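Participant: Once you've had a glance at the structure underneath, I'll fire off some questions.
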């Protein structure tokens, strides 16, 4: 009889190296990563470069972007001594486990993934197979370490649910209850959904054609202030209560950003600026954003000036990640019936 397995509490999350990381990435994800590394769970953070190539990437730009995401991780406070930081392609267990999961996941499950439909659009037949089976690789990223918790945004929640389905089906197919944990989502944070500065109904995105739609973590003080000054708003003053922001997405977005950067609530921000227009609020927000973000951008520039050190951090992290993943992968091979040299 199989005994119930106890899994080490472990966090895994990854960020794609495609485009500049933004204020949305920082407030919605990276700041949460930093907080979690001070908790009781082991923390593993990955630059998911294999996911990036599901759409074509310029090779030199991909290498640079991988280093830049790593630099941003470090500049924002991730500590490679307390967390494992690495890039996905350096640990073969991700790809090896992904193939096994490709043979576990059902086509119908993948077809229901809304993100594939959004990314492929009308040109679905010309999309890469990698873009279609991307969720199986995401499941492998998580389960190669038997991670129990995954910080995700709402747009990735469906993929995490699929990872849970894959884990459950593997456990059932190979008569191995609890072999893989069913990872739990960690949703939330100070600002889980930061919206575009040009359209309050759309998420701030590093892939948006307009650079004015986002604040990049590499932006300097003048650029940050200019983008906030040009951010779309409405002519009404700020209300006296948060309820007064309903139907005003751009205003609500700027208030949310201010609250997240200041470490306070939207209610407190509205109370402070009630009745005042954006001619007053925007300069205050710009000053707050500049004071908070320019030290990060300066540190990113310093780190990027020494790519060999970034590569060393990634290489060290990859060795530590592989040491965790290898015995899990070997056990998975044995469970499936695959012969594998241990040499």
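The values are calculated or read from the model by the stated rules, or taken from the named source; none is laboratory data. Nothing here was measured: the structure is a model prediction, and the numbers come from that model. FYI the Cβ positions are ideal-geometry reconstructions off the backbone, even for glycines, and counts take in every protein chain you see.
Participant: For the stretch 56-66, indicate whether the set of residues that are in the same structural domain as residue 315 (by TED's automatic domain parsing) and touching a strand residue (DSSP E or B) at 6+ places or on another chain (Cβ under 9 Å) is non-empty.
Facilitator: As a first pass, look at the stretch 56-66 and keep what is in the same structural domain as residue 315 (by TED's automatic domain parsing): 56-66.
Add one more test, that the residue is touching a strand residue (DSSP E or B) at 6+ places or on another chain (Cβ under 9 Å), and what stays is 65-66.
Checked the stretch 56-66: at least one residue is in the same structural domain as residue 315 (by TED's automatic domain parsing) and touching a strand residue (DSSP E or B) at 6+ places or on another chain (Cβ under 9 Å).
Here's the yes/no breakdown for (1) under 27 Å from residue 77 (Cβ atoms); (2) in contact (Cβ under 8 Å) with a residue 40 or more places away in the chain; (3) not in a helix (DSSP H, G or I):
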site	(1), (2), (3)
229	no, yes, no
247	no, no, yes
259	yes, yes, no
264	yes, no, yes
276	no, no, yes
281	no, yes, no
297	yes, yes, no
300	yes, yes, no
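Participant: If residue 209 passes every condition in (1) in contact with a helix residue (DSSP H, G or I) (Cβ under 6 Å, 6 or more places away or on another chain); (2) more than 27 Å from residue 151 (Cβ to Cβ); (3) surrounded by fewer than 16 Cβ atoms within 10 Å (Cβ to Cβ) but one, which one does it miss?
Facilitator: Just one mismatch for residue 209, condition (1).
Participant: So, in the stretch 302-343, exactly how many residues are over 30 Å from residue 100 (Cα atoms) and in a helix (DSSP H, G or I)?
Facilitator: The qualifying residues number 8.
Participant: Quick test for you: out of 24, 19, pick the one residue that is crowded, with 18+ Cβ neighbours inside 10 Å, at positive phi and in the same structural domain as residue 138 (by TED's automatic domain parsing).
Facilitator: 19
Participant: Given the criterion touching a strand residue (DSSP E or B) at 6+ places or on another chain (Cβ under 8 Å) and closer than 27 Å to residue 266 by Cβ, identify the matching residue among 197, 212, 186. Give the derivation first.
Facilitator: Working: 197 fails: touching a strand residue (DSSP E or B) at 6+ places or on another chain (Cβ under 8 Å); 212 fails: touching a strand residue (DSSP E or B) at 6+ places or on another chain (Cβ under 8 Å).
Only one candidate passes the filter, namely 186.
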